[in-house]
Amino acid sequence: MTISIKTLAFSLLASTALTALPVVAEPAGTFRFAEQAKLITMDPHQHSGGGFSYLRPVYEALFDRNAEGDIVPVLAESHKVDGRIITIQLKQGITFSDGSPFTADLAARNLNRVIELGVNAGMKLAEKAEATGENEVTITLKSPDPSIIDALSGTAGMMVSAAALDDPALDRNPVGTGPFVYSAEESREGEVRVYLPTPNYRTPDDQGLARIEISEIPDNTARVNALKTGQVDLAIFLSSPQAAVVDRTAGLKLLRQPGGTTYHLSILDRDGTKVPAFADTRVRMAMNYAINRDAFSKAVEFGLSTPASQPYVAGLWEHDPTLEGRYAYDLDKARALMKEAGYEDGFAFDMPSIPIFASRLEAVAGFLKDINITMNIQTVEPGTLARRSRTTDFPATNLVWNNAIDPKFITTYYVGEDAVFNPYRIAPDPELVRLSDAGLATADEAERAPIYHEMLNRLADESYMIFITTTPILFGASDAIAANDTVKFRPGTDVPYFRGLRLDN
């Protein structure tokens, strides 16, 4: 057969063109993650508490944090902060998984919904959002907020399609712009959530997985067993005997991620509406002194935590070294304070619990019993602790403080009269309000640090936040996952990046 020079040249050009095209690997493999929190809702603007992993495959936010901890634009192109005015330029050409366009009008609608619902504490200082250009949205704040862009990297900045916002079943029918879509058909309520690659996603190379399965396993032992038997590849843990087991099991690794959480009690009824004793600062201080944090860390958390006297761990700018040991274990002092307050014979109160906190609260109950305080532990539905802590159902609660969040949340979570976890609407000390306002007036960490240090000292005096231990973020992983360099973790959170994760490398 004779091939002309022209034909040969065309074939060579075609071959060269084909080889020059970027090769996008097809999604492959199933990544199986075990969550400790039950799924409550897939509506990001109604979300509170744990379980962010259920949202991350589907939704993208205006911003995100990269693996180095820097805030980077995702659906946003850029932003400008001018006092109380935040102007955000949006990326063009982005569509939701239902095919509808992402627009400035829709971004404003999403943000106003977050503001109006009032669930997200990160948007407490936002007043309104409006589309101010074809690809521009502007947020007006009630007062300056140095961490507003950080808030928009979480659920506050997650964008929901127009049709999904109108869907009364949004809590189980999420529609976002993310690399994966939720498969309700393949999911099993209360057991496992399944996600598949979004068709025609704008950056297909980020869709390394053919399937994501997120299992709801609130029981620590069950999560360990799922790891051991290969039912899951990665699981989140608190410091616990089970985390220690992972650390000693062949074929598994315990991954310690920076950021961490500080376990604490919060006295909600500090005016004594239900429990009169809680209105007395001496009683609250006695509770602080009665807790043996060293013993708690060793016995309950198997040495995976460190004793804490404040929300932030050493090494962070928010941490105040002068607070170290402020409430060192002193049973004699605790008993003396109880006697001075007139509660030598003690009192009783109810405390909500979820399974993963059970051993912690049992230990705390033992310490408080030494000063004649009876803490009745009442188990609530997993995934509802934060929600119940926003109500007057209980006079106190127990939660974890994320070391990665801005100290402004001390006010928006606990101190402010309209704070998320101030359901009894107790007016704060005016000096705390003054300090809170001063902390919001600048973004400079060197200027903010002494302000928040003073604020933490005043809170220690009032003693309605009782900090116990700080733990790094712990993941149990198979050896293969631990060695997989595409498995990366979002700083300060208990969620891996699903974008770009591959099991075929």
Q. Taking region 118-155 as the region of interest, how many residues are open to solvent by less than 30 Å² (accessible area, probe 1.4 Å), at pLDDT 95 or above, over 22 Å from ASP444 (Cα atoms) and among the hydrophobic types (A, V, I, L, M, F, W, C)?
A. 2
Q: Confirm whether GLU381 is assigned to a loop (DSSP other than H, G, I, E, B) and either loosely packed, with under 15 Cβ neighbours inside 10 Å or modelled with pLDDT under 95 (or both).
A: yes
Q: From VAL433, VAL400, grab the single residue that is open to solvent by 40 Å² or more (accessible area, probe 1.4 Å), more than 30 Å from SER53 (Cβ to Cβ) and either touching a residue at least 12 places away in the same chain (Cβ under 8 Å) or of a type outside the set (Lys, Arg) (or both).
A: VAL433
Q) In region 285-300, which residues are open to solvent by 40 Å² or more (accessible area, probe 1.4 Å) and either within 15 Å of ALA244 (Cα to Cα) or in contact with a Ser or Thr (Cβ under 9 Å, 6 or more places away or on another chain) (or both)? A) MET285, LYS298, ALA299
Q: Inspect region 161-176 for any residue being β-branched (Val, Ile, Thr) and over 30 Å from ARG223 (Cα atoms) and give the result as yes or no.
A: no
**Q.** region 477-504 - residue that is without any contact (Cβ under 8 Å) to a residue 40 or more places away in the chain and not acidic (Asp, Glu) and, of those, least open to solvent (accessible area, probe 1.4 Å)
**A.** ASN484
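Here is a yes/no grid of residues against (1) touching a residue at least 40 places away in the same chain (Cβ under 8 Å); (2) surrounded by fewer than 20 Cβ atoms within 10 Å (Cβ to Cβ); (3) not in a loop (DSSP other than H, G, I, E, B):
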| site | (1), (2), (3) |
| --- | --- |
| ASP205 | yes, yes, yes |
| GLN257 | yes, yes, yes |
| THR261 | yes, no, yes |
| ALA277 | yes, no, yes |
| PHE302 | yes, yes, no |
Q. Scanning for something over 30 Å from VAL194 (Cβ atoms) and surrounded by 22 or more Cβ atoms within 10 Å (Cβ to Cβ), does region 220-229 turn up at least one residue?
A. no
Q: Could you identify the single residue in THR442, THR471, THR486 that is polar (S, T, N, Q) and in contact with a strand residue (DSSP E or B) (Cβ under 7 Å, 6 or more places away or on another chain)?
A: THR471
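The values are calculated or read from the model by the stated rules, or taken from the named source; none is laboratory data. A quick note: this is a predicted structure, and the numbers were derived from the prediction, not measured. Methodologically, a virtual Cβ is constructed for each residue, glycine included, from the backbone with ideal geometry; neighbour enumeration extends over all protein chains shown. To get the accessible areas, we keep the full protein, side chains included, count just its heavy atoms, and leave off ligands, DNA and RNA. Shrake-Rupley method; radii C 1.70, N 1.55, O 1.52, S 1.80 Å.
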